[in-house]
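Visitor: Below you'll find the structure I mean.
The values are calculated or read from the model by the stated rules, or taken from the named source; none is laboratory data. Nothing here was measured: the structure is a model prediction, and the numbers come from that model. All Cβ positions, even for glycine, are placed from backbone atoms using ideal geometry, and neighbour counts span all protein chains on display. Keep in mind that these areas ignore ligands, DNA and RNA; they rest on the heavy atoms of the full protein, side chains included. Shrake-Rupley method; radii C 1.70, N 1.55, O 1.52, S 1.80 Å.
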Amino acid sequence: MNDIKDQIQRKGLNKWWAYPVNGRGTLQYATGVGKTRCGVLAATVIVATRGIDNCHILILTPTETIRDRAWKDEFKKWGHMNIFNSCVECVCIQTAYKYVGHHYDLVIADEIHNYIAPEYFNFFSQNKYDKVLGLSAYIDPVKMPLLNAIAPICDRLNTQEARDLKLISDFKIYNIPLRLSGSEKKSYTSSNNAFNGLFPFFERDLKLMYSCMKPQNYVTFLQRKGMSLDDENKTFPFRCNAAMAKRKKIIYNSEAKVEAVKHLCELYPERKIIIFSQTIDFADKVTEEIGENCVSFHSKIGKKARTANLDKLIDNRTKVTRISTAKALNEGVNVPDISMAIIASGTSKVKDLIQRIGRAVRWEEGKQALIFHLFIEGSQEEKWVASSQMGYSVEVMRLEQIS
């Protein structure tokens, strides 16, 4: 354990313990700083206070993979399996938000940014708990009011600060512009024009557009504009949404991206690589193109197969050195010897980029991680990439310049 990392974790927990509402707060730490260990340490403190036979600790997770292996592995790593086996209940939020009337000595809300929504926050209003430890790499400022009602941020450390302190490995980000094929460009231009023609009608507000897909909401919106529903405008919300979806599909599944991923993997045969995309079809296409040393990981693969594929990547005795995932590995999975990430498609969200970088920058002596972010130049995706990378040092390179 890095001494500085240990000091930061314990300092953060001391702040959490002493926060105005004692033991109710969130640690916003970059991936790799050791949020999960903070949770283990918090659990040991509660057990020391209450006794192992009188503790009930709940760990909330956003995915089955984190639920089934990440926390168990962490308790085992630090020699506290007795606590995990005796006191800990590990549950996905999709189940826990339905709980009513339960009581816990400690709730550890892993990746708490996923629960800052009215439906999932039902858990906190319908159950009792003495202490809450939220864990996250990044929380959207828009969500802070709701978070503050349960577990306000009590300590922060971002990715850049973690790199400066050598808590994570050094890394470089390269943006790789790509072009659509002729037929893809034609389809993209058509859908983009359709979207841009309709979106201003909804005041350039996506939430408003989605809301107007419900008839009563749309009628109310039209009345506010001094309009009534007619044969022409009744299809506007659905046509706008369809054009946006088609535009995304073309960007996400571009053939140029498949070829770029394959090329980058061939350039770095010695590195263990994670490939991020936004669609399952693309993730599987990449696996097919790369061949036997690549496996897929996504929601359409059964739980046992997902586990087996991840184990193949972790086990250095296998041929598998690449894993292609459609968002499913953004959070909570620790494979330290991954040293390269290819973001074939992303979003405009800072959180998503932080988490994806985090998969490749786990600390190893002498390691410099490479992050390649692909995008279709001149498309909406170029704006998404720029938005997600605010504050990062990035170099733009053509694929043929990389060697």
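Visitor: Would you kindly derive the ³J(HN,Hα) couplings of region 137-149 from the backbone phi angles with the Karplus curve 6.51 cos²θ - 1.76 cosθ + 1.60 (θ = phi - 60°), listing them in order in whole Hz, with x for Gly and Pro?
Guide: The phi angles translate into 7, 6, 10, 4, x, 4, 8, 4, x, 5, 4, 4, 6 Hz.
Visitor: Would you mind working out the accessible area per residue for the chain, using a 1.4 Å probe, and quoting it in Å²? Present the calculation step by step, with values, prior to reporting the outcome.
Guide: On the way: 18660 Å² over 403 residues.
On a per-residue basis, the chain sits at 46 Å².
Visitor: Further question: Taking only the alpha-carbon positions of region 205-248 and ignoring solvent, what does the Debye formula give for the base-10 log of I(q)/I(0) at q = 0.19 Å⁻¹?
Guide: -0.55
Visitor: At 1.4 Å probe size, with the rest of the protein present, what percent of the exposed accessible area of the chain is carbon and sulfur atoms?
Guide: The computed percentage sits at 50.
Visitor: Semi-axes of the equivalent ellipsoid of region 332-386: what are they in whole Å, largest first, if each equals the square root of 5 times a C-alpha gyration tensor eigenvalue?
Guide: Numbers: eigenvalues 117, 26, 12 Å².
Ellipsoid semi-axes (Å, largest first): 24, 12, 8.
Visitor: Now for a separate question. Can you give me the three principal axis dimensions of region 151-208 from its C-alpha atoms, in Å, biggest first?
Guide: Cα spread of region 151-208 along its principal axes, largest to smallest: 48, 35, 13 Å.
Visitor: Tell me the Rg and the Dmax, in Å, that the Cα atoms of region 114-171 produce.
Guide: According to the Cα coordinates of region 114-171, Rg and Dmax are 14.5, 43 Å.
Visitor: What is the P(r) of the chain, as percent of Cα-Cα pairs per 10 Å bin from 0?
Guide: Percent of Cα pairs in each bin: 4, 20, 28, 25, 16, 6, 1.
Visitor: Something else about it: More than 21 angstrom separation, counting every C-alpha pair in region 184-289; what % is that? Don't jump to the answer; show the numbers that get you there.
Guide: Working: 2845 of 5565 pairs.
It works out to 51 percent of all Cα pairs.
Visitor: Another question about this same structure. Under 5 Å between amide H atoms, partner at least 5 residues away or on a different chain: which partners does Thr26 have, H built in plane at 1.01 Å?
Guide: Residues meeting the criterion, in which the H sits 1.01 Å from N, are Gly134, Ile153, Cys154, Asp155.
Visitor: To one decimal place, what orientation-averaged projected area in nm² is obtained for the convex hull of the Cα set of region 68-174?
Guide: If you wrap the Cα atoms of region 68-174 in a convex hull and average its projections, you get 9.0 nm².
Visitor: Calculate I(q)/I(0) for region 49-105 by the Debye formula, one identical point scatterer on each C-alpha and no solvent, and give its log10 at q = 0.17, 0.18 Å⁻¹ to two decimals.
Guide: The Debye formula, applied to the Cα set alone, gives -0.59, -0.65.
Visitor: Which one of Val21, Val33, Val142 has the biggest mean-square fluctuation once the chain is modelled by GNM with Cα springs under 10 Å?
Guide: Val142
Visitor: List the cysteines of the chain that have no other Cys Cβ closer than 4.7 Å: which are they?
Guide: Among the cysteines of the chain, those whose Cβ sits 4.7 Å or more from every other are Cys38, Cys90, Cys92, Cys154, Cys212, Cys240, Cys265, Cys294.
Visitor: Loop-only check: which trypsin sites (Lys or Arg not before Pro) in region 195-242 are DSSP coil with at most 11 other Cβ within 10 angstrom?
Guide: Those that pass, being in a loop and sparsely packed, are Arg204, Lys225.
Visitor: With a Förster radius of 35 Å, plug the Cβ-Cβ distance of Met390 and Ile52 into 1/(1 + (r/R0)^6) and report the FRET value to the nearest 0.05.
Guide: My answer for the efficiency is 0.15.
Visitor: Quick one: which residues, 5 or more positions from Ile59 or on another chain, have an amide H under 5 Å from its amide H? H modelled 1.01 Å from N in the peptide plane, none for Pro or chain starts.
Guide: Glu89, Cys90, Val91, Ile108
Visitor: Okay, moving on. So what are the radius of gyration and Dmax for the Cα set of region 281-403, in Å?
Guide: Spelled out, the Cα radius of gyration and Dmax of region 281-403 are 15.0, 43 Å.
Visitor: With all distinct Cα pairs included, what does the Kirkwood hydrodynamic radius of region 235-291 come out to in Å, to one decimal, could you say?
Guide: Over region 235-291, the inverse of the mean reciprocal pair distance is 12.9 Å.
Visitor: What per residue convex hull volume, in Å³, do the alpha-carbon atoms of region 1-128 yield?
Guide: About 111 Å³ per residue, rounded to a whole number.
Visitor: If you keep only loop residues by DSSP, which trypsin sites (Lys or Arg not before Pro) in region 1-102 have at most 14 other Cβ atoms within 10 Å of their Cβ?
Guide: Those that pass, being in a loop and sparsely packed, are Lys98.
Visitor: Further question: Using the C-alpha gyration tensor of region 126-239, what are the square roots of 5 times its eigenvalues, in whole angstrom, with the largest one first?
Guide: Values: eigenvalues 331, 169, 22 Å².
Listed largest to smallest, the semi-axes of region 126-239 are 41, 29, 10 Å.
Visitor: In terms of modelled amide H atoms, which long-range or inter-chain residues lie less than 5 Å from the amide H of Tyr129?
Guide: Tyr104
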